[in-house]
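A.B. asks: Mind having a look at this structure? Questions to follow.
The values are calculated or read from the model by the stated rules, or taken from the named source; none is laboratory data. Since the model is a prediction, treat every value here as computed from it, not as a measurement. Heads up, the Cβs are rebuilt from the backbone with ideal geometry, glycines too, and the neighbour counts pull from every protein chain shown.
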């Protein structure tokens, strides 16, 4: 199981670093919004993986909150970019 | 992969195998999203890469938690998480894709079909002066419906459906 945890942690870390790199570099604000959504999804997957490996369910409400309110930032920014483009 | 390393003497149950496989699937989705965000050229294709861990990775990891701890509360929370993520992730992706189209942050030569161009012209900059953008309710609504179905992937009969809807 330790090998599985190491491989999964490495893959999730590479995904999170790619998202952070796109947040830093992204040519437009939409790229940054999409990358921050990916970062939130990666954090949710990491929380769930930690729960599944350690056999507890303590952070399931945190995942529910992220699933509910992860829409707010991206929709508001996309809404304002739709009418005013300042990248 | 040698699955016997790192385990106790009690062996490696079916539940552990399922846990390992689902964690690896979710981690692979996160990895694919990161690589896709780095490698894809424009906003719309990055949006395609971004939806992988949001739905499939989350379904895998939540099913993993539900398999590891099977109880009524866990399964209820897992179903609620998948339901609300499936409700909110397409909406935010649709808004981001629409904003990308309106502000011209996409490569038009990578598009096979551009149905939305018949109603609304993609702009290079702010398109506040485009007449079909904000004050054409019927055409904009029909185009939004057609565009959302095309973005969600089931664009099998989109042109006929679009004409019929208008």
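A.B. asks: Check off (1) at pLDDT 90 or above; (2) facing chain A (nearest Cβ under 10 Å) for residue B:79 and give me the number that stays unchecked.
C.D. replies: (2)
A.B. asks: Let me ask another. Please enumerate the residues belonging to segment A:52-65 that are more than 7 Å from chain B (Cβ to nearest Cβ), in a loop (DSSP other than H, G, I, E, B) and closer than 17 Å to residue B:79 by Cβ.
C.D. replies: Selection gives A:59 alone.
A.B. asks: I would also like to ask the following. Of these, A:35, A:49, A:78, which one is at the interface with chain B (Cβ under 7 Å from one of its Cβ atoms), in a helix (DSSP H, G or I), within 23 Å of residue B:77 (Cβ to Cβ) and touching a residue at least 12 places away in the same chain (Cβ under 8 Å)?
C.D. replies: A:49
A.B. asks: Out of the residues in segment A:18-27 meeting the condition of being at the interface with chain B (Cβ under 7 Å from one of its Cβ atoms) and crowded, with 19+ Cβ neighbours inside 10 Å, tell me which one is nearest to the chain's Cα centre (by Cα).
C.D. replies: The extreme case among them is A:19.
A.B. asks: Can you go through A:41, A:13 and tell me which one is buried (at least 16 other Cβ atoms within 10 Å of the Cβ), out of contact with any helix residue (DSSP H, G or I) (no Cβ under 8 Å at 6 or more places or on another chain) and modelled with pLDDT of 90 or more?
C.D. replies: Going through A:41, A:13 in turn, just one is buried (at least 16 other Cβ atoms within 10 Å of the Cβ), out of contact with any helix residue (DSSP H, G or I) (no Cβ under 8 Å at 6 or more places or on another chain) and modelled with pLDDT of 90 or more: A:13.
A.B. asks: Could you list all residues from segment B:23-41 that are buried (at least 22 other Cβ atoms within 10 Å of the Cβ) and at the interface with chain A (Cβ under 7 Å from one of its Cβ atoms)?
C.D. replies: B:23, B:26, B:27, B:30, B:31, B:33, B:34, B:37
A.B. asks: Check residue B:49 against each of (1) surrounded by fewer than 19 Cβ atoms within 10 Å (Cβ to Cβ); (2) in a helix (DSSP H, G or I) and name the one condition it does not meet.
C.D. replies: (1)
A.B. asks: Same structure again: Which is within 18 Å of residue B:47 (Cβ to Cβ), part of a helix (DSSP H, G or I), within 7 Å of chain B (Cβ to nearest Cβ) and out of contact with any strand residue (DSSP E or B) (no Cβ under 8 Å at 6 or more places or on another chain), of A:68, A:30?
C.D. replies: Exactly one of A:68, A:30 is within 18 Å of residue B:47 (Cβ to Cβ), part of a helix (DSSP H, G or I), within 7 Å of chain B (Cβ to nearest Cβ) and out of contact with any strand residue (DSSP E or B) (no Cβ under 8 Å at 6 or more places or on another chain), namely A:30.
A.B. asks: Mind listing whichever residues of segment A:44-73 are crowded, with 24+ Cβ neighbours inside 10 Å and over 10 Å from the mean Cα position of the chain (by Cα)?
C.D. replies: A:48, A:49, A:52, A:63, A:67
A.B. asks: Could you look through segment A:1-10, keep only residues that are more than 7 Å from chain B (Cβ to nearest Cβ) and over 21 Å from residue B:39 (Cβ atoms), and pick out the one that is surrounded by the fewest Cβ atoms within 10 Å (Cβ to Cβ)?
C.D. replies: For segment A:1-10, the residue satisfying everything is A:6.
A.B. asks: Before we move on, is residue B:15 within 8 Å of another protein chain (Cβ to nearest Cβ), modelled with pLDDT under 90 and over 19 Å from residue A:10 (Cα atoms)?
C.D. replies: For residue B:15, the condition - within 8 Å of another protein chain (Cβ to nearest Cβ), modelled with pLDDT under 90 and over 19 Å from residue A:10 (Cα atoms) - is not met.
A.B. asks: Identify, from the list B:117, B:20, the residue that is out of contact with any strand residue (DSSP E or B) (no Cβ under 7 Å at 6 or more places or on another chain), modelled with pLDDT of 90 or more and assigned to a helix (DSSP H, G or I).
C.D. replies: Selected residue: B:20, the only one of B:117, B:20 that is out of contact with any strand residue (DSSP E or B) (no Cβ under 7 Å at 6 or more places or on another chain), modelled with pLDDT of 90 or more and assigned to a helix (DSSP H, G or I).
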